[in-house]
Each structure stands twice: as structure tokens, then as C-alpha cells.
1. Of all residues being open to solvent by 40 Å² or more (accessible area, probe 1.4 Å) and out of contact with any helix residue (DSSP H, G or I) (no Cβ under 9 Å at 6 or more places or on another chain) in the range 140-160, which is farthest from residue 108 (Cα to Cα)? Just the residue, please.
2. Does the range 131-149 hold any residues that are free of Cβ contacts under 8 Å to residues at least 60 places away in the same chain and under 24 Å from residue 60 (Cα atoms), and which are they?
3. Let me spell it out: the conditions are (1) in contact with a strand residue (DSSP E or B) (Cβ under 7 Å, 6 or more places away or on another chain); (2) open to solvent by 10 Å² or more (accessible area, probe 1.4 Å); (3) in a helix (DSSP H, G or I), and residue 173 meets all of them except one. Which number is the exception?
4. Can you report the number of residues in the range 241-283 which are closer than 13 Å to residue 296 by Cα and of a type in the set (D, E, K, R)?
5. Hey, could you check the range 127-139 for residues that are assigned to a strand (DSSP E or B) and out of contact with any Lys or Arg (no Cβ under 8 Å at 6 or more places or on another chain) and say which is most open to solvent (accessible area, probe 1.4 Å)?
6. Here is a check on your reading of the model: is residue 61 aliphatic (A, V, I, L, M), at pLDDT 90 or above and under 26 Å from residue 210 (Cα atoms)?
7. Is it the case that some residue within the range 252-266 is in a helix (DSSP H, G or I), modelled with pLDDT under 80, open to solvent by less than 40 Å² (accessible area, probe 1.4 Å) and not polar (S, T, N, Q)?
8. Counting only residues that are touching a helix residue (DSSP H, G or I) at 6+ places or on another chain (Cβ under 8 Å) and either acidic (Asp, Glu) or assigned to a loop (DSSP other than H, G, I, E, B) (or both), how many does the range 45-69 have?
Amino acid sequence: MLNQMKKLIRLFSAFALVISTGNVQSQAVDQFTALQSIGEGSVFQSYWGLQFEGGKTSGQLDKTKRELKFELDVPERGNAFKMVDQVTKKEEINSGFGWLEGNHLTKPSLYSGNQHAFAYINGLMYYLKGIKDPQNITSFQIERIYVLMTPIKGDHLSGKNAVKEMKTRDHEAVLKKYFSDMKVIQQQATENFTEEEKNKLLMIEQAKKDKKAGNQAKNAAYWNSEEGQRKLSEMRQPDVILVNDTPAPLYLCHGSGAYTELKPGEKKSFSCLGGKVYRGTLRANNSSQYDATSNLLLDLDGKSCGRVVNASTVVR
């Protein structure tokens, strides 16, 4: 009898654990898959002016209802999404906050723009600010929360239950765990990219350059041609790897306002045609932003692709 009681207690405890965590995804799912699971046309309402006190979240309800829409194979961004005002039908990229791009080709953990981003986790879509580097998320601020009111398909947290979740979820902890879990998934996905996926990345980068130069992005027909395939072969050169073999953290400034901290022993890969990488210094009274110095660490001009560079040989 005593043994049976112990078994019942263990079963009840396990059941209670599932109930207490069931509203938050137990396994990280990439953003595009998560959004596709609720379906195009799913309706959201948002809360702004958020306050986080005593484990509770409160805010002002924005009564505007917005529908989720997908943008597939955007030349310079890959797959993306937007919101559409349900009444006016005005198309907005996430309510007018700018163009967004996934931080990974196949396994995005967020869609980001100019230091802001969106991430959807089981019933709640977060509008985040203060994202300095989408590839290395060290801090963020939750500006607004979009609550899933009506999913088009599937059994999802929505409506009143999603509103209740918004008010009680430990948002920061959930987001940090999600980003941490997804980082491992992204690394595995990158290591196993197919030739088609590698070509897709190159085409996106070229489309960005074409758009910036005011040219029309090359279409799929060109890339599938003999000339396009030859061009892709020329472009697809092995990355340059920077290894921090110094005893101190190394701050990097690269790309368009991107920041990365390399701890001792860590390494980072850069496209062989990825521009210039400078050493950075911590900005005064700010632990998450860097200022570029004149110390050029890598000049990624397409030469010496595939090389491994020890930081100790280029830091000064």
C-alpha cells in the first residue's frame, strides 16, 4: 500500500510539472516553423507600456487586430513575415517597425531589423529593442507583446489563455532559454547546410549588394544558368576563421553595426568577402556596445580564403 502511494505521488508530481510548464515550448522551434504552425491569417492584438512587477506583467491593450502574412523568398532577405491591419488592410512589416530578416537561413530564432527584433514563443510574439548583434544576443528590452487571439490552424495557446500567459509568464527567462537552445540548433544546421542552401545564402548576399547599388536583384533564372552557377562557384569560398588565442576578451566591430565579443579560446567565422573586421573597445558606461578602433584585424577581400587567423598576430 505504501509503495502504491509513493508511485501515485510521483505520478502526480510529474503531472503537475507538465501542467506548470506546458504553456511554454519545451523544445526550441525555429521562428518560421512556429509561425507556419499557427497559419497565415492568424490574428494578434498587442499590449504596450509594459510593466513587470512581482512576477506579473501589465500593459495597455492596443485594440487594433492584425493578421499574420508571410513573405516567401524575398531576394535580399529570404523568408520573412508581416502584419496586416484587419480593418484597413494596410500592409505593415511587423506593425511598421522596418524590414526584418531572420538571423539564420533555415533556423531563425528571431527576425531583426535596426536594433529591434521579433520572436514568437507559443501564443506570444515579442517586439524586442536593444538587439546589437542578432547573431550574439547578449541583452534586450521587451517593448511590446503581441498576443495570439485566433490561430488559423492547430491547437495553440490563444485568446483568453494567451492573455493570461502574457500576464504571468517569466518573459525574460523564457526568451533567454529559447535563444540559448536555438543557438545550438543553428550551429548544427549551419554545419549541415546542403549545396542548395549554401547557394541560397550567396544569392541573398548578392541581392543585398544589388539593392544597395540600386540594381534589380538577379533572379533565380540567372543563378540556375551556366553563367550563374559558375559565378556561385567563384563566390562560394571557404570562410576565414578568427581565433582569440589571447588571455583577454576580444571585442569585434564588423558588418553594418554588428558587435561580437570573443572570449579567450573562442573563434568566429567570417565570409571571405565579408568586408573589414576591426578591434573594438567598450563604450564608456556601457557594457554591451563597442566603438571601433583603427586596429584592422581582418580585411575580407576574397584573398587567402579558408585561412585561420590567431588574434595574437593581428591585435595591437
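The values are calculated or read from the model by the stated rules, or taken from the named source; none is laboratory data. Not measured: the values here are computed from a predicted model. Heads up, the Cβs are rebuilt from the backbone with ideal geometry, glycines too, and the neighbour counts pull from every protein chain shown. Surface areas here come from the heavy atoms of the whole protein model, side chains and all, with no ligands, DNA or RNA. Shrake-Rupley method; radii C 1.70, N 1.55, O 1.52, S 1.80 Å.
1. Among residues in the range 140-160 that are open to solvent by 40 Å² or more (accessible area, probe 1.4 Å) and out of contact with any helix residue (DSSP H, G or I) (no Cβ under 9 Å at 6 or more places or on another chain), the one farthest from residue 108 (Cα to Cα) is 160.
2. Selection gives 131, 140, 141.
3. (1)
4. Residues meeting the conditions: 2.
5. 129
6. Criteria not met by residue 61.
7. At the first step, the residues of the range 252-266 found to be in a helix (DSSP H, G or I) are none.
Scanning the range 252-266, I find no residue that is in a helix (DSSP H, G or I), modelled with pLDDT under 80, open to solvent by less than 40 Å² (accessible area, probe 1.4 Å) and not polar (S, T, N, Q), so the answer is no.
8. Total satisfying the criteria: 1.
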